[in-house]
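Beneath this line is the structure, given in structure tokens, with notes to follow.
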Amino acid sequence: MNKAMSPNLAERLDGIDAAPAQNTPQTPQAPSHTKAHAAGDEIVGLPGTLLDGASQAGTQTLLRGLAILEAAAAGVRDLRSFGAVLGTTRSTTHRLVSSLVQARYLRQVQGGYLLGPKLIELGTIALEQMPLTTVARTHLEALANATLDTIHLGVRDGDDVLYIDKIPGQRGLEMRSRVGHRMPLASTGIGKAMMLDLSPQSWRDLFEASRRTLAGVSFRPDHSLEPETFLKRMATYAAGGYTFDLEENEISIRCVAAPVRDASGAIVAALSVASTIPYMPLERMDELIPVVQREARAISQELGWRAPQPTTRRIRR
């Protein structure tokens, strides 16, 4: 299996299975999915609902259905393995899986079951309802209030970073950056944060592209990096999950940046905290790394990203 299931999943299932059996009224087994349709008992009018009629049984069925989807996402493919994960009988497992297939949350293929097209539809709708700037804004404001510095949010557009949001700092400083402004990726901290998952050769190519684009511009600092120094720094940044801008883009301006990831784990944006050297000594930049990373992770989680989980998990038999 490629991925670990959510750690809360086992706790939820354990909570269901640990309920005392004695002195508890027996709830009749819910009718099959087909019979529920025939009798008009479907809950809330949704096709392929996972809920049974009774409240307690309905909650249990819902959680078990969600557990099956999480298990399928983690690599479980066959009925026996689904049953082992849930601790359910073969007949109960088959009923749940069949309902999910009928509702298109799962699809049956040779060799077992995979996640179905209904989840793609819902995921697309969820993304449309959560545009990046809307999701990120609260976290950018929190970062601005915590640091008093200028906050940027940017996305990659070819070899450039495109600034899509900015909160000016509270120290009376002004920077050239603005919403809609573009800069070469390798010349900015926020751009380099979107390069962290790339290969060293891609780092070199983007560095050379940046140098060609910015050759001779007046706002560049007098000192410039050599390629090998740039590559060494990128290796350090990639290992730490952050980037710095040490006056590589604008004279006297430094920044700390971190990547934003989507549900697939891909870097889709980055955010940064920027200020002038008096407010950005190296010691403070080091202190800001976890602060910036925290808000970047929070945005990532709202986009569906989850931190990698341990690969070992307990299977209930």
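Observations, loosely collected:
- Counting only residues that are more than 21 Å from Leu206 (Cβ to Cβ), of a type in the set (A, V, I, L, M, F, W, C) and either in contact with a Pro (Cβ under 8 Å, 6 or more places away or on another chain) or at pLDDT 90 or above (or both), the stretch 136-174 holds 9 of them.
- Ala239 falls short on exactly one of the conditions (1) in a loop (DSSP other than H, G, I, E, B); (2) under 28 Å from the mean Cα position of the chain (by Cα); (3) over 21 Å from Leu153 (Cβ atoms), and that condition is (1).
- Checked against the criterion of being touching a Lys or Arg at 6+ places or on another chain (Cβ under 7 Å) and either more than 23 Å from Phe244 (Cα to Cα) or part of a strand (DSSP E or B) (or both), the stretch 117-138 has at least one qualifying residue.
- Residues that are in contact with a helix residue (DSSP H, G or I) (Cβ under 9 Å, 6 or more places away or on another chain) and surrounded by fewer than 23 Cβ atoms within 10 Å (Cβ to Cβ) within the stretch 251-260 comprise just one, Ser252.
- Residues of the stretch 266-303 that turn out to be under 19 Å from Leu246 (Cβ atoms) and among the basic types (Lys, Arg), as a count: 1
- Scope the stretch 230-258; condition among the acidic types (Asp, Glu) and closer than 13 Å to Val273 by Cα; matching residues: Asp245
- Scanning the stretch 154-208 for residues that are free of Cβ contacts under 8 Å to residues at least 12 places away in the same chain and not in a loop (DSSP other than H, G, I, E, B), we see that the one that is surrounded by the fewest Cβ atoms within 10 Å (Cβ to Cβ) is Gln201.
- Inside the stretch 99-122, residues that are buried (at least 17 other Cβ atoms within 10 Å of the Cβ) and more than 28 Å from the chain's Cα centre (by Cα) make up a count of 1.
- Residue check for Thr61: within 30 Å of Ser210 (Cβ to Cβ) and touching a residue at least 24 places away in the same chain (Cβ under 8 Å): no
The values are calculated or read from the model by the stated rules, or taken from the named source; none is laboratory data. Predicted model only: the values in this text are computed from it and were never measured. Methodologically, a virtual Cβ is constructed for each residue, glycine included, from the backbone with ideal geometry; neighbour enumeration extends over all protein chains shown.
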